[in-house]
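Notes follow once the structure below has been shown.
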Amino acid sequence: MMMLATYQDKPLLVHLLSQAFVANGSVNYVVGSGEGQLKRIRALMEYSVEVCFRFGNVYLDEDRAACALVLYPHRKRTTLQSVALDAQLAFRAIGLHRIRRVLRREEQIKKIQPKKDMAYLWFIGVDPARQHAGIGSALLHSVIGVASRDGLPVYLETSVTENLPWYQRFGFTIYSSLDMGSHTLYFMRRMPAKMGG
């Protein structure tokens with residue numbers, strides 16, 4: 001079972017995601033490696049949680065050992081707050097010397113992602129001590145169920161090739177990929193299940 005997280009859950013959400021993505025190639029491409037890396041990952045996750053509380057849904061499993069950030073890009077609006085969040089992300093997570101590289105990456109991703117209503121699975125993370133126990137699978141199944149109920153496809157990207165078969169078991173297909181040099185980003189989607197058929 002999953003539940004909607006509340007704003008009071010933010011420290012737990014940031015902790016879970018930071019732990020789950022500490023060795024992720026795509027995340028480390030954005031935040032860089034070396035001194036202060038975990039601090040920058042935490043800043044990236046704080047940003048992502050904030051954005052999803054505003055323009056998406058943030059889910060926790062009932063054991064509070066896994067979470068999922070689902071963004072609805074078609075609901076995203078530019079506000080003073082969202083601009084401030086973006087600026088904070090640039091300074092705290094990316095660093096000025098990586099900005100151009102990260103913006104170029106975002107531009108390439110935007111060219112590939114379709115411009116349509118979707119449930120965008122930004123992050124799904126499980127406490128590393130609780131991985132391989134079916135928690136992430138149950139959470140993903142619930143996320144897909146909500147999106148299907150709303151008639152929305154689920155889109156995501158992953159740089160972890162070992163996760164491709166896992167997503168494919170849930171009906172995701174690869175529709176594109178992007179070579180980032182240090183890693184390949186795989187673009188995946190799952191169309192909504194037809195109801196009542």
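The values are calculated or read from the model by the stated rules, or taken from the named source; none is laboratory data. Bear in mind the structure is a predicted one, so any value in this text is a computation, not a measurement. Cβ sites come from the backbone with ideal geometry, for glycine too, and all protein chains shown count toward neighbours.
Scanning region 109-154 for residues that are assigned to a loop (DSSP other than H, G, I, E, B) and more than 17 Å from the chain's Cα centre (by Cα) yields 115, 116, 131, 132, 133, 134, 150, 151.
Looking at region 113-121, is at least one residue within 20 Å of residue 22 (Cβ to Cβ) and small (Gly, Ala, Ser)? No, region 113-121 contains no residue that is within 20 Å of residue 22 (Cβ to Cβ) and small (Gly, Ala, Ser). A single entry from 70, 102, 83 fulfils the requirement of being over 30 Å from residue 129 (Cα atoms) and touching a residue at least 40 places away in the same chain (Cβ under 8 Å): 102.
Inside region 130-153, residues that are touching a residue at least 12 places away in the same chain (Cβ under 8 Å), more than 15 Å from residue 167 (Cα to Cα) and of a type in the set (A, V, I, L, M) make up a count of 3. Does residue 181 meet the test of being of a type outside the set (Val, Ile, Thr), at positive phi, modelled with pLDDT under 90 and surrounded by 14 or more Cβ atoms within 10 Å (Cβ to Cβ)? Taking the combined requirement at face value, the residue does not satisfy it.
Of the strands (runs of 3 or more DSSP E) lying entirely inside region 1-103, those containing at least 3 residues that are within 24 Å of residue 183 (Cα to Cα) and within 18 Å of the chain's Cα centre (by Cα) span 66-71. Under the condition of being small (Gly, Ala, Ser) and under 25 Å from residue 29 (Cα atoms), the residues counted in region 121-175 number 4.
The residues of region 10-50 that are on the phi > 0 side of the Ramachandran plot and touching a helix residue (DSSP H, G or I) at 6+ places or on another chain (Cβ under 6 Å) amount to a single one, 32. Checking each residue in region 1-20 for being more than 17 Å from residue 71 (Cα to Cα) and crowded, with 21+ Cβ neighbours inside 10 Å picks out 16, 20.
Residues that are closer than 13 Å to residue 192 by Cα and not acidic (Asp, Glu) were ranked within region 117-141; the one that is surrounded by the fewest Cβ atoms within 10 Å (Cβ to Cβ) is 141.
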